[in-house]
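A.B. asks: Provided herewith is a single structure, encoded as structure tokens, for subsequent inquiry.
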Amino acid sequence: MKFVCSKQDLVEAVTIVQKAVMAKATLPILEGIYIEAGDKVKLVGNCFDLGIEYNLQADDIEAGSIVVNSRIFGDIVRRLPDSEVFIQVKDNFVVSIECLNSYFEIKGLSAEGYPMLPEIDEESKIVISQNTLRDMIRKTIYAISDDENRRILTGSLMEAADGDFSVVSLDGFRLAYAKTIIKEDVSFKAVIPGKNLNEIQKILETTDKEIKITLSKNQALFEMDNCRVISSLLDGEYMNYRSFIPEQYETVIEVNVREITEGIERASLITSDDKRFPVKLNIADNKLLITTNAEVGASKEEIEVEMDGNDLTIGFNPRYLLDSLKVIDDENIVISFSSSIGPSVIKPVSGDKYLFMVLPVRMSN
């Protein structure tokens, strides 16, 4: 096997497939990257929960396959000069790597027995832009739970129905929902592990190029121009998140995102313990008063808002509010408060492309 490619393209390919390579495995082959040269050059990483296949642009291809240690190969190619890289497999699975005046030889492994990515039965599939999916994951991934006792919540629910596609995460304290319109008339539900979604988000480009999402019984396939990602799914029934969202509200405000975000960030400087010393919001007379009162000191800041409903005082863990506010790109938002002890909901001023719900903190008198 041999081929020639640019160092930049090779680094990108290796960086992407490494996301699916086991750092420590009982079999050395599972710590490797599978490289196959044929009509094109294909790199594969597979840890069973997540598999990634990347097609590399290359020339002077001579067919063959090899498995190379992911860490060693990755460290070498990242430090090569910025030029063409010549890779060749010699006798006894020795891989030579040559770039300008740099030359390496590393010991590879036979490609036989490497766990290749499975073919996915296309039970349900949709097509959206990479940028859209990337933004939907960004808006929801922070609310995934890390509680392994409720394993289904350590992933995000991907759901398609009635021409909509949504991504939902919740952890018991907050809920994050993002939605887009799709052309396909399909219906499915699948829970993708959070750690896999995090890696998929890093691979997605900020581009309108399409990504095809295909769901089967126990796997999800994400296909881009030169990359295929297969993720396992979490077993179990996801919570009926819609039943948690209040339908009636005591107080509703429209507020500038930057102003409330910066105000809560400043107030949180005082709160070393978010549970004992929450950020308090007092809403009255079209004003939002943000205060903190902790052992180390106190703070106070006032923001103009548009208000509808009753005066209200409510407390929040500032981190939970900020996690939601920091993924919003709009200038203004609407925050609806069901009560001083009930969940609060953040939405866009118009439309329903996202929704964030945060539970308040009970405050002592």
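The values are calculated or read from the model by the stated rules, or taken from the named source; none is laboratory data. Just so it is clear, the structure is predicted and the values come from calculations on it, not from any experiment. Reconstructed Cβ throughout: ideal geometry from the backbone, glycine too, with neighbour counts over all protein chains shown.
A.B. asks: Of Val296, Val279, which residue is surrounded by fewer than 15 Cβ atoms within 10 Å (Cβ to Cβ) and hydrophobic (A, V, I, L, M, F, W, C)?
C.D. replies: Exactly one residue qualifies, and that residue is Val296.
A.B. asks: Run Ser344 past the list (1) over 23 Å from the mean Cα position of the chain (by Cα); (2) surrounded by fewer than 21 Cβ atoms within 10 Å (Cβ to Cβ) and report the number of the one that doesn't hold.
C.D. replies: With respect to (1) over 23 Å from the mean Cα position of the chain (by Cα); (2) surrounded by fewer than 21 Cβ atoms within 10 Å (Cβ to Cβ), Ser344 is out only on (2).
A.B. asks: In addition: For segment 179-197, indicate whether the set of residues that are part of a helix (DSSP H, G or I), aliphatic (A, V, I, L, M) and over 25 Å from Phe316 (Cβ atoms) is non-empty.
C.D. replies: Yes, some residue in segment 179-197 is part of a helix (DSSP H, G or I), aliphatic (A, V, I, L, M) and over 25 Å from Phe316 (Cβ atoms).
A.B. asks: Also: Among Thr271, Thr261, which is the only one that is at pLDDT 95 or above, buried (at least 16 other Cβ atoms within 10 Å of the Cβ), under 22 Å from Phe173 (Cβ atoms) and of a type in the set (S, T, N, Q)?
C.D. replies: Going through Thr271, Thr261 in turn, just one is at pLDDT 95 or above, buried (at least 16 other Cβ atoms within 10 Å of the Cβ), under 22 Å from Phe173 (Cβ atoms) and of a type in the set (S, T, N, Q): Thr261.
Every residue, every condition in (1) under 23 Å from Arg319 (Cα atoms); (2) β-branched (Val, Ile, Thr); (3) assigned to a loop (DSSP other than H, G, I, E, B), yes or no:
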residue	(1), (2), (3)
Ile128	no, yes, no
Met158	no, no, no
Val168	yes, yes, no
Tyr177	yes, no, no
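A.B. asks: Now, a different point. For segment 348-358, enumerate the residues that are surrounded by fewer than 20 Cβ atoms within 10 Å (Cβ to Cβ) and either in a strand (DSSP E or B) or not assigned by TED's automatic domain parsing to the domain that holds Lys326 (or both).
C.D. replies: Scanning segment 348-358 gives a single hit, Pro348.
A.B. asks: Scan segment 67-82 and report the pairs whose first residue is over 12 Å from Ile35 (Cβ atoms) and in a helix (DSSP H, G or I) and whose second residue is of a type outside the set (Asp, Glu) and modelled with pLDDT under 95, with Cβ atoms within less than 9 Å and a gap of 6+ or a chain change.
C.D. replies: Arg71/Ala23
A.B. asks: Return the residue satisfying two criteria in turn: it lies in segment 180-206 and is among the polar types (S, T, N, Q) and farther than 17 Å from Ile126 by Cα, and of such residues it is surrounded by the most Cβ atoms within 10 Å (Cβ to Cβ).
C.D. replies: Going through the qualifying residues, I end up with Asn196.
A.B. asks: On the given criteria, is Ile144 surrounded by fewer than 23 Cβ atoms within 10 Å (Cβ to Cβ) and over 24 Å from Asn317 (Cβ atoms)?
C.D. replies: Considered against the rule, which asks whether it is surrounded by fewer than 23 Cβ atoms within 10 Å (Cβ to Cβ) and over 24 Å from Asn317 (Cβ atoms), Ile144 comes out as no.
A.B. asks: Taking segment 130-156, which residues are outside any loop (DSSP other than H, G, I, E, B) and among the hydroxyl-bearing types (Ser, Thr, Tyr)?
C.D. replies: Once the filter is applied, which keeps residues that are outside any loop (DSSP other than H, G, I, E, B) and among the hydroxyl-bearing types (Ser, Thr, Tyr), segment 130-156 yields Thr132, Thr140, Tyr142, Thr154, Ser156.
A.B. asks: Are any residues in segment 217-236 of a type outside the set (Lys, Arg) and out of contact with any strand residue (DSSP E or B) (no Cβ under 9 Å at 6 or more places or on another chain), and if so, which ones?
C.D. replies: none
A.B. asks: Just checking, which of Ala63, Ala23 is at pLDDT below 95, aliphatic (A, V, I, L, M) and exposed (fewer than 14 other Cβ atoms within 10 Å of the Cβ)?
C.D. replies: Result: Ala23 is the single residue among Ala63, Ala23 that is at pLDDT below 95, aliphatic (A, V, I, L, M) and exposed (fewer than 14 other Cβ atoms within 10 Å of the Cβ).
A.B. asks: Within segment 275-317, count every residue that is acidic (Asp, Glu), assigned to a loop (DSSP other than H, G, I, E, B) and within 28 Å of Gln248 (Cβ to Cβ).
C.D. replies: The number of residues fulfilling the criteria is 2.
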